[in-house]
Amino acid sequence: MKITVFNGSPAGADSTTNVIVSSFLLGAQRGGAETHNVFLSEKNIKQCCGCFSCWFKTPGKCVFNDDMPQLMELYDSSDIVCFATPVYTWNMTALMKNFVDRLAPLKSPKITEHNGDFDLADTKVKEQKFIVISNCGFPGENNFKVMKAVFECCSPCLEIFRNCGKLLKSHNQSAAPHVREYLSAVEQSGFEMIHKGSVSEETRKRLEMPLMSVRDYVKFLGM
Ligand SMILES: Cc1cc2nc3c(=O)[nH]c(=O)nc-3n(C[C@H](O)[C@H](O)[C@H](O)COP(=O)(O)O)c2cc1C
């Protein structure tokens, strides 16, 4: 079982997103998965220029010569693809959005209809599963609304949305036991995903645990 994470945080390996991803991949490795952790910030990915050459002139091939062909190969050959990004302005980062735009060569210019919704067909029938991992700086779930709606199109089998993300890399004493407990739940979710093919309700509940009261968190941020 091959799982690839594409991390869209500009902070790359130092990101809070990667704290969550690392625990998840540790569990996945324990379950026997081959794992790949790609930091988009380290890659040369030009911005999609919207020429549609990859559909109409040279199907499946982009006009740009950058790192995308290798990344698309990794994407295509993975059994599980994980989009990992912090929330920037209620959405995924520009790095992640650009990466997702540049996956256009994997789509065919054929419009499909499902229950009155219209989309594009994939060039190959996809068997792979999708996971979304995100963290945000504020408390509350509203920060993930937009991302949830955008990634709905790939029907993720697991979404890990962590609010109060600033605690994950902090040395805050009172949060430390909760952070440890949370990251062990994340690791468990990675293990279950590979070992059983899904994550139990019990583990999903643990992924929603608060790390700190909103009042204390706002005080911790000093905002
Ligand atoms: C430009 C910018 C926009 C942000 N927008 C939001 C936001 O809308 N909601 C939120 O809760 N946090 C927001 N944040 C905070 C980040 O989500 C937070 O710092 C996160 O922990 C960064 O994760 P990373 O270390 O994985 O990059 C924003 C941060 C930046 C730099």
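The values are calculated or read from the model by the stated rules, or taken from the named source; none is laboratory data. Every value quoted in this text rests on a predicted model; they were computed, and no experiment measured them. Every residue, glycine as well, gets a Cβ built from its backbone with ideal geometry; the counts of neighbours run over all protein chains shown.
Could you tell me how many of the residues in segment 152-177 are within 16 Å of the ligand (Cβ to nearest atom), farther than 30 Å from residue 114 by Cβ and modelled with pLDDT of 95 or more?
The number of residues fulfilling the criteria is 10.
Taking residue 146 as meeting all but one of (1) outside any helix (DSSP H, G or I); (2) within 16 Å of the ligand (Cβ to nearest atom), write down the number of the exception.
(1)
So, in segment 80-124, exactly how many residues are within 16 Å of the ligand (Cβ to nearest atom) and at negative phi?
Residues in segment 80-124 being within 16 Å of the ligand (Cβ to nearest atom) and at negative phi: 16 in total.
I'd like to check something: does segment 73-88 contain any residue that is without any contact (Cβ under 8 Å) to a residue 24 or more places away in the chain and either of a type in the set (Ser, Thr, Tyr) or closer than 28 Å to residue 13 by Cβ (or both)? Spell out the reasoning first.
Here is the first cut: in segment 73-88, the ones without any contact (Cβ under 8 Å) to a residue 24 or more places away in the chain are 73, 88.
Narrowing further to those that are either of a type in the set (Ser, Thr, Tyr) or closer than 28 Å to residue 13 by Cβ (or both): 73, 88.
Yes, segment 73-88 contains at least one residue that is without any contact (Cβ under 8 Å) to a residue 24 or more places away in the chain and either of a type in the set (Ser, Thr, Tyr) or closer than 28 Å to residue 13 by Cβ (or both).
Is at least one residue of segment 147-164 among the acidic types (Asp, Glu) and in contact with a Ser or Thr (Cβ under 7 Å, 6 or more places away or on another chain)?
No, because not a single residue in segment 147-164 is among the acidic types (Asp, Glu) and in contact with a Ser or Thr (Cβ under 7 Å, 6 or more places away or on another chain).
Name the strands (runs of 3 or more DSSP E) wholly inside segment 36-125 in which the number of residues that are aliphatic (A, V, I, L, M) is 3 or more.
Once the strands (runs of 3 or more DSSP E) in segment 36-125 are filtered for at least 3 residues that are aliphatic (A, V, I, L, M), what remains is 80-86.
Out of all the residues in segment 82-120, which are at pLDDT 95 or above and of a type in the set (Asp, Glu)?
Selection gives 101 alone.
Return the pair list, or none, for Cβ contacts closer than 8 Å from residues in segment 89-110 that are in contact (Cβ under 8 Å) with a residue 60 or more places away in the chain to residues that are of a type outside the set (Asp, Glu) and part of a helix (DSSP H, G or I), at least 6 apart or on different chains.
92/100; 92/147; 92/150; 95/40; 95/41; 96/40; 99/40; 99/71
If a residue must be assigned to a helix (DSSP H, G or I) and surrounded by fewer than 24 Cβ atoms within 10 Å (Cβ to Cβ), how many such residues does segment 1-17 contain?
4
Filter segment 103-119 for residues that are among the polar types (S, T, N, Q) and farther than 14 Å from residue 56 by Cβ; which is surrounded by the most Cβ atoms within 10 Å (Cβ to Cβ)?
Here the answer is 112.
On the basis of being more than 12 Å from the ligand (Cβ to nearest atom), surrounded by 14 or more Cβ atoms within 10 Å (Cβ to Cβ) and either modelled with pLDDT under 95 or under 12 Å from the mean Cα position of the chain (by Cα) (or both), does residue 38 make the cut?
Here the answer is yes, as residue 38 does meet what is asked.
Can you work out which of the residues in segment 125-136 that are under 26 Å from residue 218 (Cβ atoms) and touching a residue at least 60 places away in the same chain (Cβ under 8 Å) is nearest to the ligand (Cβ to nearest atom)?
135
Given the residues 180, 204, which is the only one that is surrounded by fewer than 13 Cβ atoms within 10 Å (Cβ to Cβ), modelled with pLDDT of 95 or more and part of a helix (DSSP H, G or I)?
Just a single option satisfies the conditions, and that option is 180.
Of the numbered conditions (1) within 16 Å of the ligand (Cβ to nearest atom); (2) of a type in the set (A, V, I, L, M, F, W, C); (3) closer than 24 Å to residue 121 by Cβ, residue 11 fails exactly one; give the number of that condition.
Condition (3) is where residue 11 drops out.
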